[in-house]
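Peer 1: I have a structure I would like to understand better, so I am pasting it below and will then ask my questions one at a time.
The values are calculated or read from the model by the stated rules, or taken from the named source; none is laboratory data. The model shown is predicted, which means the values in this text are computed figures rather than measured ones. Methodologically, a virtual Cβ is constructed for each residue, glycine included, from the backbone with ideal geometry; neighbour enumeration extends over all protein chains shown. Remember, those area values only see protein heavy atoms, side chains included, never the ligands or the DNA or RNA. Shrake-Rupley method; radii C 1.70, N 1.55, O 1.52, S 1.80 Å.
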Amino acid sequence: MRTTIKIIALCVAVLSLSGCDTIKGLHSEYKSEATVPGDVFGRGVDMTLDSTTAADLSWREFFIDPLLQRLIDTALVHNTDINSARIAIQQSEASLSAAKQAFFPSVVLAPSGTVGSFGGSAASWTYNLPLQVNWDVDAFGSIKSKKRKAEAVLKQAHIAEQAVRANIISAVAQQYSTLLLLDQQLEILTATDSLWKISLETQKILWENGKSYSTAVNQMESSYLSVKTSIVDTRNNIRQMENALCCLLAITPQHIERSRLGTYALPRRFITGVPAQLLQNRPDIKLADLAMEEAFYNTQAARAAFFPSISLQGLAGWTNSAGSMVVNPGKILLNAVASLTQPIYAQGKLKANLKISQLTQEDLMNKYVQTVIEAGSEVNDALADCQAAVEKHGYYHRQVAVLKDAYKGTHELMDNGKASYLEVLTAQETLLNAQLNEATNMYNGAQAIIALYIALGGGTK
């Protein structure tokens, strides 16, 4: 037994001296070597900003509407996707626990017994009560690499849960803002319905007094009825959007209590600029980095497969079977074996596995860079949308005010017979479109701010 252990120790020493740098590399920890462009957000984007940024805000600090907060809370508790992500974390934790315990020996109790008789002799009983111990020595980092890989997988599960969390928060906020837009559109259409009804009644009076034609009445009524159908469509859209939001919350269809579009406030201080390091808060970038880490340890394990595996086996127990003899009472049985297995020729599988692992690392590094570039593009798009919505807001607001005056003046002229029904129709339809455009622009601005928040890695806290 001692001779066997000495031989194994000698082999390990020789291998260690002949490839000490390689063996040292088998135990090295992961460090990212990926490089990304410096101007990932594109040129012309202001990068100066104080330490308080969008991604540093928790979703409660960012979405300050209490009704929206309540909906997000419900979604984060009941949504099926977020619960599946939490289960994936528990599964990864179990895998990591198993990987950590691989450093320790396995212990098996395997009792056995037989009874036999020869030539009519009395039956003899033999029994074994062995306790078997098997320990794989991690001299070349194979088990350590697998443990580190399991740690990377667990980190990925946590980041994936954060990604699902951010997506759910974003989806709830976007659908909520869509409901606010539909409410605003319904309010505009309802007010327009009342105004156009007055215009229709006025046109009917003029026709009855011979100051207008039936054609004018028909045109007015057609426009009035189109508003009626738009109101029906908008109410139906509201119901469908409420149902979609209920599905996201994992609750039965019901009315969603909400604010008004004009009171839907979001913080704006972070729009002044974006520091590039903020992208590290994004779950997809974290996942891409962890995927590289997992591939790194896969490569380490593939390298370790070229080196010998060392195992120690021991057996201790009680038996009454000593070779060909049966003795009672039984005696203590002790046995120990040390073995070393060095791969010589594995039909090219070891080299192929190493090559595949290295190529996977290279591929994931390229994907990491591409993920960062796409993230920068998303931030750039969201910033541009925010700025455009802010710039257009003043124009739309002024346009609505001007068209209200124009509609009022044109209607007064028609009452006095100084303007045709076509001028009134044009004025009221133009005003309606402007009001709807103003509401849509407010909605686009809210959506852009939400998109910027998520693009910067917000929603994970």
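Peer 1: Scan Thr410, Thr371, Thr430 and give me the residue that is closer than 30 Å to Arg165 by Cβ, out of contact with any Ser or Thr (no Cβ under 7 Å at 6 or more places or on another chain) and β-branched (Val, Ile, Thr).
Peer 2: Details: Thr410 fails: closer than 30 Å to Arg165 by Cβ; Thr430 fails: closer than 30 Å to Arg165 by Cβ.
The match here is Thr371.
Peer 1: While we're here: So which residues in the range 401-415 are surrounded by 14 or more Cβ atoms within 10 Å (Cβ to Cβ) and of a type in the set (A, V, I, L, M)?
Peer 2: Result: Leu403, Ala406, Leu413, Met414.
Peer 1: Within the range 416-432, track down each residue that is open to solvent by 80 Å² or more (accessible area, probe 1.4 Å) and either in contact with a helix residue (DSSP H, G or I) (Cβ under 9 Å, 6 or more places away or on another chain) or of a type in the set (Lys, Arg) (or both).
Peer 2: Step one: filter the range 416-432 for residues open to solvent by 80 Å² or more (accessible area, probe 1.4 Å), giving 416, 418, 422-423, 426.
Matches in the range 416-432: Lys418, Leu422, Glu423, Thr426.
Peer 1: Does Gln175 fit the bill of being closer than 28 Å to Asp56 by Cβ and open to solvent by 30 Å² or more (accessible area, probe 1.4 Å)?
Peer 2: Working: closer than 28 Å to Asp56 by Cβ: yes; open to solvent by 30 Å² or more (accessible area, probe 1.4 Å): yes.
Yes: the conditions hold for Gln175.
Peer 1: Suppose we filter Gln162, Gln203, Gln156 for residues that are over 29 Å from Pro66 (Cβ atoms), within 43 Å of the chain's Cα centre (by Cα) and assigned to a helix (DSSP H, G or I); which single one remains?
Peer 2: Of Gln162, Gln203, Gln156, the one residue that is over 29 Å from Pro66 (Cβ atoms), within 43 Å of the chain's Cα centre (by Cα) and assigned to a helix (DSSP H, G or I) is Gln156.
Peer 1: Moving to a separate point now. Could you check the range 357-404 and list, in sequence order, the residues that are modelled with pLDDT of 90 or more and of a type in the set (Asp, Glu)?
Peer 2: Asp363
Peer 1: Kindly list, by first and then second residue, each pair from a residue in the range 62-88 that is in contact (Cβ under 8 Å) with a residue 24 or more places away in the chain to a residue that is open to solvent by 10 Å² or more (accessible area, probe 1.4 Å) and among the charged types (D, E, K, R), limited to pairs with Cβ atoms under 7 Å and residues at least 6 apart or on different chains.
Peer 2: Pairs that qualify, where the first residue is in contact (Cβ under 8 Å) with a residue 24 or more places away in the chain and the partner is open to solvent by 10 Å² or more (accessible area, probe 1.4 Å) and among the charged types (D, E, K, R), are Leu67/Glu257; Leu67/Arg258; Leu76/Arg165; Ile82/Arg165; Ala85/Glu161; Arg86/Glu161.
Peer 1: Going through the range 401-428 one residue at a time, which ones are assigned to a helix (DSSP H, G or I) and small (Gly, Ala, Ser)?
Peer 2: Passing the criteria: Ala401, Ala406, Gly409, Ala427.
Peer 1: Would you be able to say whether some residue in the range 393-400 is closer than 30 Å to Glu201 by Cβ, open to solvent by less than 80 Å² (accessible area, probe 1.4 Å) and not in a helix (DSSP H, G or I)?
Peer 2: So far as the range 393-400 goes, no, none of its residues is closer than 30 Å to Glu201 by Cβ, open to solvent by less than 80 Å² (accessible area, probe 1.4 Å) and not in a helix (DSSP H, G or I).
Peer 1: Sort out which residues of the range 90-104 are surrounded by fewer than 17 Cβ atoms within 10 Å (Cβ to Cβ) and touching a residue at least 60 places away in the same chain (Cβ under 8 Å), and write them in order of number.
Peer 2: If the condition is that a residue be surrounded by fewer than 17 Cβ atoms within 10 Å (Cβ to Cβ) and touching a residue at least 60 places away in the same chain (Cβ under 8 Å), then Gln91, Glu93 are the ones that fit.
Peer 1: Between residues in the range 386-408 that are farther than 22 Å from Glu423 by Cα and residues that are polar (S, T, N, Q) and open to solvent by 50 Å² or more (accessible area, probe 1.4 Å), which pairs lie under 6 Å by C-beta distance while being six or more apart or on different chains?
Peer 2: Ala389/Asn444
Condition check ((1) in a strand (DSSP E or B); (2) modelled with pLDDT of 85 or more; (3) over 23 Å from Asn79 (Cβ atoms)) across all residues:
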{"position": "Asn236", "(1), (2), (3)": "no, yes, yes"}
{"position": "Asn243", "(1), (2), (3)": "no, yes, no"}
{"position": "Pro253", "(1), (2), (3)": "no, yes, no"}
{"position": "Ser259", "(1), (2), (3)": "no, yes, no"}
{"position": "Ile271", "(1), (2), (3)": "no, no, yes"}
{"position": "Leu278", "(1), (2), (3)": "no, no, yes"}
{"position": "Ala316", "(1), (2), (3)": "yes, no, yes"}
